[in-house]
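Comments concern the structure below.
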Amino acid sequence: MKIAVLGAGAIGAYVGAALHRGGADVHLVARGPHLQAIRQHGVRVLSARGDFTAHPHATDDPNEIGPVDYVFLGLKAHSYASSGALVAPLLGEHTALVAGQNGIPWWYFHKLTGPYEGRRIEAVDPGGATSKVLAPERAIGCVVYPATVIESPGVIRHLEGTRFSVGEPGGGVSERCAALSEAMIAGGLKCPVEENLRDDIWIKLMGNAAFNPISALTRATMVDICRHPLTRTMVARVMEEILDIAARVGSTPDISIEKRLRGAEGVGHHKTSMLQDLEAGKQLELDAIVTAVVEMADITGAEAPTLRTVHAATDLLARTVAP
């Protein structure tokens, strides 16, 4: 099995190292000092589950790799539409695209039976630009649960979690999902194949769409937000509104808001990815995590007043601090 990881950052390099350890033919696409360190010393993973080092092929030129069986997209979702030149050399007739992203994926309404089937979400597929370079027919959905950071070039600190849920946009359990799951498990990861991955997307989104923007606006960690009564109430209201939107597009995630809050509080003094990006001067991953959800509220007629308020403030923040 030949796999390319496009965007071998904290999550991408972690996945690539694990897959390589499990026996897959892995190729990392990275850049800068991170790439140089991987070329010289491999990917070093530091984890309470056990440290290890993997030495997959690494390059900044996908043409060196050629067509693969799977492309794991480790890029931020807002980079997808402009990734055509990087993706094209990796595509063969049957290459699958595994979108390890946060938030609502560009393929969300692809093969979703119901009144919205085939509808485009402008926030994540502007003018169809993302679908043009990442054909929805190639997509395998992936919900990423682990938390990792780049501690230094070539060194990945694994903080928690090993689960990568995967699934077909059209549902069911396909051969390509089953084969990917086997490769991930061989590398020491959890990788269930979910027949209805959209429920997993909404479960994770309950946290991301609430905590990410609020943490960016307040500079607070997840536990700080949970333990402050006013922001805890705000998060709960956002989660209620997200569950309403999910139901309107046919998803019924089996998780309570209180359980989701307890889980977030249990993470401790963890900075969300959006707060980390803000502090690093990077573009905020707002479109997939919040803007797309507001757009889905518009599509379905959901009111979502708290979500809309949080989105308005964070959208202004993103424009004010844009790199």
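Below is a table of values for the structure above.
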| read-out | value |
| --- | --- |
| Residues of region 117-154 that turn out to be among the hydroxyl-bearing types (Ser, Thr, Tyr) and open to solvent by 30 Å² or more (accessible area, probe 1.4 Å), as a count | 3 |
| Meets criteria (of a type outside the set (Ser, Thr, Tyr), closer than 14 Å to residue 143 by Cα and not in a loop (DSSP other than H, G, I, E, B)) for residue 176 | no |
| Within region 1-20, tally of residues that are of a type outside the set (A, V, I, L, M, F, W, C) and under 20 Å from residue 176 (Cα atoms) | 4 |
| Unique residue being in contact with a Lys or Arg (Cβ under 7 Å, 6 or more places away or on another chain), open to solvent by less than 60 Å² (accessible area, probe 1.4 Å) and not basic (Lys, Arg) when the list is 295, 285 | 285 |
| Single residue of 312, 302 found to be under 16 Å from residue 123 (Cβ atoms), open to solvent by 10 Å² or more (accessible area, probe 1.4 Å) and among the small types (Gly, Ala, Ser) | 312 |
| Cβ pairs under 9 Å, 6+ apart, first in region 249-269 and touching a residue at least 24 places away in the same chain (Cβ under 8 Å) and farther than 22 Å from residue 158 by Cα, second part of a loop (DSSP other than H, G, I, E, B) and of a type in the set (Phe, Trp, Tyr) | 249/108; 249/109; 249/116; 250/116 |
| Residue that is open to solvent by less than 40 Å² (accessible area, probe 1.4 Å) and under 30 Å from residue 114 (Cβ atoms), where the choices are 220, 246, 264 | 246 |
| Exclusive hit being more than 23 Å from residue 180 (Cα to Cα), open to solvent by 20 Å² or more (accessible area, probe 1.4 Å) and touching a His at 6+ places or on another chain (Cβ under 8 Å), set 85, 48 | 48 |
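Per-residue answers, yes or no, for (1) small (Gly, Ala, Ser); (2) part of a helix (DSSP H, G or I):
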position	(1), (2)
12	yes, yes
15	no, yes
20	no, yes
26	no, no
36	no, yes
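The values are calculated or read from the model by the stated rules, or taken from the named source; none is laboratory data. These figures come from a predicted structure and were not determined experimentally. Glycine gets a Cβ as well: all are built from the backbone with ideal geometry, and neighbour counts include every protein chain shown. These area figures cover heavy atoms from the full protein model, side chains too; ligands, DNA and RNA do not enter into them. Shrake-Rupley method; radii C 1.70, N 1.55, O 1.52, S 1.80 Å.
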